[in-house]
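The values are calculated or read from the model by the stated rules, or taken from the named source; none is laboratory data. Everything numeric in this text was worked out from a predicted model, so none of it was measured. Neighbour counts are summed over all protein chains in view; Cβ atoms, including those assigned to glycine, are modelled from backbone coordinates with ideal geometry. We work out accessible area using only protein heavy atoms, side chains counted, and drop any ligands, DNA or RNA first. Shrake-Rupley method; radii C 1.70, N 1.55, O 1.52, S 1.80 Å.
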Amino acid sequence: MTYSFVSLTKVPTLRSMFHVLLVFLLITTYYGAQAEGTNEENITNVGVIIDLNSRIGKEQKAAMEIAALNFNHNSKNKNHKLLLYFQDSIKEPLKAASSGKFFKKLFFTFKHYLFKSWLIAFSNFVSAKNMIEEKKLEVIVGMERWEEAVIIGEVGNQTQVSVISLVAPSITPSLMQLPWPYLISMANDASAEIKCIADIVCSCHWGKVVVIYEDNEYGSDLGSLALLSEALQNVGSEIEYRLVLPPYSTLSNPKEVVLHELLKLLSVQSRTFIILRSSLPMVTHLFREAKKIGLLEKESAWLMTESVTSLLDYADKSVISSMKGTLGIKTYYSKDTSSYKAFQKQFQRTFHQENPNESNNLNPGIYALRAYDSIRAITQALERVATDTSPKLLKENILSSSFEGLSGTVSFDENKLLSDRTLRIVNVVDNEGQEISQPNGIYQELDCWRPNYWFSNCFFTEKDKMENRTTDVRQGSQGIYGSVVWPGNLTERIPKGWSIPTIKKRLKIGVPGDTQFKKFVTINQSKKNINEGYDGFCIRIFRMALQHLNYDLQYKFIAFTGSYDELIEAVYNKTFDAVVGDMTILYERTQKVEFTQPFVESGLSMIIPIKSKQSTWMFMKPFTWEMWVMTIVILVYTMLIVWFLEHPTNPEFTGSVKDQIGIAFWFTFSSLFFAQRERLHSNITRVAVMTWFFVVFILTASYTASLSSILTVKNLEQDINIEWLKKTNQKVGCYGDSFVRNYLENVLQFTPDNIKNVPEEDDYSEWFDKKRIAAAFLELPYQKVFINKNCKKYTTSSITYRFGGLGFVFQKGSPLTKDFSNAILKLSEDGKITALEKECLTPDECSSTSIETERLSLKSFWGIYLTSGVTSTICLLISLVRLQRNFRLHQQANGGCQSIKTNAFGLAKYFYNGQHIYSPGRVSPTTTTTTTTNVSNHDMPNLMVDNSSSWDFVNTSNEGLDHPDTSSPATVEITTV
């Protein structure tokens, strides 16, 4: 037995009342007889609330009827049938008001569409409750807005009837099952497609977007907008402008209203448009008017959510032609399965029978597939509950459904649909001469997008999808596959997504008109109305950066005579599009504008006059005190070594103790200047003195060079610093129109009365000469220019307070910021900025530099000191060994051993008197003759002459024998063998 599908939308007129009564009697008789024969059948009544006048509603109705027929014919339980009752969602408030005079009066009293929308919702509430009571409904399906679904969900709570919503909120509320336990969402929220749109924006490097959406009867749904704003921020983009269109049903002249709103976008720089929500009539007017005013030309981009893209299947061809180049998002579902193909045939036949006037595209859309799957979820639940169809058990069985539907995997968690949703990116193109996968030729499918997978070429069967899931992850791309046709028939590259300045609308660039240092920005007043009248370091950097842009940028320089902060404010309030000049990057400024990559480092430096250091002890400065002490020590040590080695053999080192010390000191000191006259007799002494001469040569050369540097280089006076300036209330100068004055007051804490504003660059030197200022504070780039010009008179302190550098200024979110930053980085890497800085800012105007000579320390000379000391010590040890040996032989010759004390005194006397000349080769071991004779020095032979190789010391000078000796005669003991 077949069942008809009942519609409750048609209201009889008064003129046909008699016919209606007659038909009512016939129907009552028919259904009464029918009921008597079907008492044993189990019938489940399902109410459907959809818009039966829209194309989507018509598709949903056909799909649900097919699902119900398939269940009634193919159900395992032949006695269990499904009966659908369709209720129009009543978009016109007049229909809702027809239920009573009170509502009709309210409707005509309040014309505002927001009140109408809630009147519609209340009418649906009343209708749903009446349907449940009259038709004994067990399930309600449908609704096209989430606000309506919530209201019907309240009816479900009161009557314990499951409500399956074919729509979902933009943001699914957490624990949705608590306030609405009988409300089930059969759709996905907007989070996935919003994330997909954000990824497209990110892959195309669009910094700003314009959001367009049609307001609905319930007021603005800010859920999608909030999601989009957050998603764009996560990828480094932002919403520049929101264009809100009123509901189409409330407009008497929609074309004029849409044009008026679109004209506002001409003043917006972004040309990336995202349509969040719109009806088909509004989309038609939107694209037609946008194309007329040039918003669909090259460098623009249009993106549409699924709710808008789905309308393209039913749009007029003239509208499609104006939408060429736009990108849309649709839910991906397989069309290769046998179940889809069977349903497609049934749908085309049923839909054409019910809607013969709808000849445009008879293929089912995603809304029809979801409607079909919703009925399948109900039928599968009915098969599981068997005869017990209690509301609670039926709801639980619906939520436990899990199957592969036509729209994808159907399963539920917390009363909402769970699905590994895959979205496909489509591109609207002309249907002529194009190889399009879509049968109607409206768009071509470019790519697929999945959460956490990004973009991939995923058009394959479901079996291949499961087998190649891992491969697809590896092949995920950060860009869209396929050849995209953008607006304006742009195919070779991605559009910039913003309005490039043209000759008619040039980029307005503010230039500081009164800079203190003219090398940065120079304006020829006679040519300030043309770009050629502007020059300087910053202007040249800007022109060099233009050459690295891949597009022609039309601009116009405009001189600005205000302060730097006022110039920043002019960019913030959009008086200027950009600023080119010596603009310092500061935190407070970045809150209003955007800066490019700095092209010059910046900081605050203190400039003070150079003063020479005058000191009585200037000659002591080349060496540190450690060096002086060690030099004296090594000099005294060398003096003692020379005296010790020369005293026994060299008559010039004999005499009284006073004379010997004087001679030794004079010899060593005069050797510093290589002016010594004394001759050395010992070779060992010569070795020690030769090492000392090497030390003297190094020290005198280093001392002379260091002292010359100290006397010729002027040094900074150390007592001038910031603390001294503040403590002594000294006056300091700075450029008053910059941020430097505030920095001196607030950060460095100078007294405001002690800070003087220096008007021009040349005034600094004049104010220093007149003692009006003791120091000046300049930014680092200006300091380089000033010192390069006045390096002989001024110098800088070692402490520099760093800032962000100098950069170009653009409006917040301007895509030019990134392009110019990349160009500046390229110029820096190529060394062109450094070369230009040297050419413009620091040419070779001054060669002298103010540096402080480093004092010579022991660290640099300890090696030569060690060499001299070790060499002298070794010579001393060799001499001591020989002295001890000769003294021992002398004792043996005189016979007998003596005490240690006597030997020590004897050795000292033996050394001091020089009596250690002994020739053992002349001694005979057998005979000994002793004769004692007193002789004078004149009669005494020269015993120091080396007559044998066995002698230890040689006197190479005979000067001692040519002069009379006034000393007492020596007693010479001659032993004859």
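Of the peptides 741-750, 802-811, the ranking by mean beta-carbon count within 10 Å, highest at the top, reads 802-811, 741-750. Database remark: amide H of LEU418 closer than 5 angstrom to the amide H of SER411, PHE412, ASP413 (H placed geometrically; neighbours at sequence offset of 5 or more, or on other chains; Pro and chain starts carry no H).
The stretch 624-653 and the stretch 729-754 have Cα centres lying 61 Å from one another.
Computed on the stretch 503-642, with alpha-carbon pairs under 8 angstrom and 6+ residues apart, the relative contact order is 26 percent. The GluC sites (Glu not before Pro) of the stretch 480-578 that DSSP puts in a loop, and whose beta carbon has at most 16 other beta carbons within 10 Å, are GLU492. Once the Cβ-Cβ distance of VAL633 and ASP565 is raised to the sixth power relative to R0 = 45 Å, the FRET efficiency obtained is 0.10.
Cβ-Cβ distance of ASN53 and ASN130, R₀ of 22 Å, FRET efficiency by 1/(1 + (r/R0)^6): the value works out to about 0.60. Shape class of the stretch 131-198 from the alpha-carbon gyration tensor: prolate, with a/c at 1.5 or above and a/b greater than b/c.
Label positions at GLN160 and HIS205, each projected 7 Å from the Cα along the C-beta direction, are separated by 6.3 nm. Ranking TRP146, TRP862 from most to least accessible surface, computed with a 1.4 Å probe over the protein chains only, gives TRP862, TRP146. Against the criterion of solvent-accessible heavy-atom surface with a 1.4 angstrom probe, LEU876, LEU228 sort, most first, into LEU876, LEU228.
Spacing of the modelled spin labels on LYS264 and ARG855, each 7 Å from Cα toward Cβ, amounts to 7.6 nm. On the basis of the beta-carbon distance and an R0 of 25 Å, GLU829 and GLU760 show a calculated FRET efficiency of 0.10.
Packing, as the average of other Cβ atoms within 10 Å across residues, places the peptides 318-326, 203-211 in the order 203-211, 318-326, highest first. Compute the distance from the alpha-carbon center of the stretch 150-188 to that of the stretch 310-357, in whole Å. Using only Cα atoms to place each centre, the spacing works out to 28 Å. Could you tell me whether the stretch 507-598 comes out rounded, prolate or oblate from its Cα gyration tensor? Rule is a ≥ b ≥ c as square roots of the eigenvalues, rounded for a/c under 1.5, then prolate if a/b exceeds b/c, otherwise oblate. Rounded, because the longest to shortest axis ratio a/c is under 1.5. For the pair SER483 and THR502, the difference between a 0.36 nm per residue extended length and the Cα-Cα distance amounts to 4.0 nm. Multiplying the residue separation of ILE874 and ASP316 by 0.36 nm and removing their Cα-Cα distance gives an extension gain of 189.7 nm. Loop-located GluC sites (Glu not before Pro) in the stretch 326-425 (DSSP state other than H, G, I, E, B) with a sparse environment of at most 16 neighbouring Cβ atoms within 10 Å: GLU358, GLU414.
Here the simple spin-label model places points 7 Å from the Cα toward Cβ, and for LYS335 and ARG242 these points are separated by 3.7 nm.
A simple packing score, the average count of other Cβ atoms within 10 Å per residue, orders the peptides 572-580, 521-529, 621-629 as 572-580, 621-629, 521-529, with the highest score first. Taking amide H atoms as placed 1.01 Å from N in the peptide plane, the amide H of TRP498 lies under 5 Å from those of ARG271, each 5 or more residues away in sequence or on another chain.
When nucleic acids and ligands are ignored and a 1.4 Å probe is applied, LYS826 ends up with an accessible area of around 90 Å². Taking LYS496, LYS727 and ordering them by how much accessible surface each has at a 1.4 Å probe, largest first, produces LYS727, LYS496.
Hey, which of these cross-link pairs are over 25 Å Cα-Cα: LYS504/LYS527; LYS528/LYS832; LYS726/LYS793? As for pairs spanning more than 25 Å Cα to Cα, those are LYS528/LYS832.
For the residue pairs LYS784/LYS838; LYS195/LYS812; LYS592/LYS818, the alpha carbons lie more than 21 Å apart in LYS195/LYS812. Remark on ILE49: its backbone amide H falls under 5 Å from those of GLN87, VAL141, GLY142, MET143, a criterion applied only to residues 5 or more positions apart or on other chains, H modelled at 1.01 Å from N.
Rounded to the nearest 20 debye, the dipole size of the stretch 718-806 about its Cα centre is 260 debye, using +1 on the Cβ of Lys and Arg and -1 on the Cβ of Asp and Glu.
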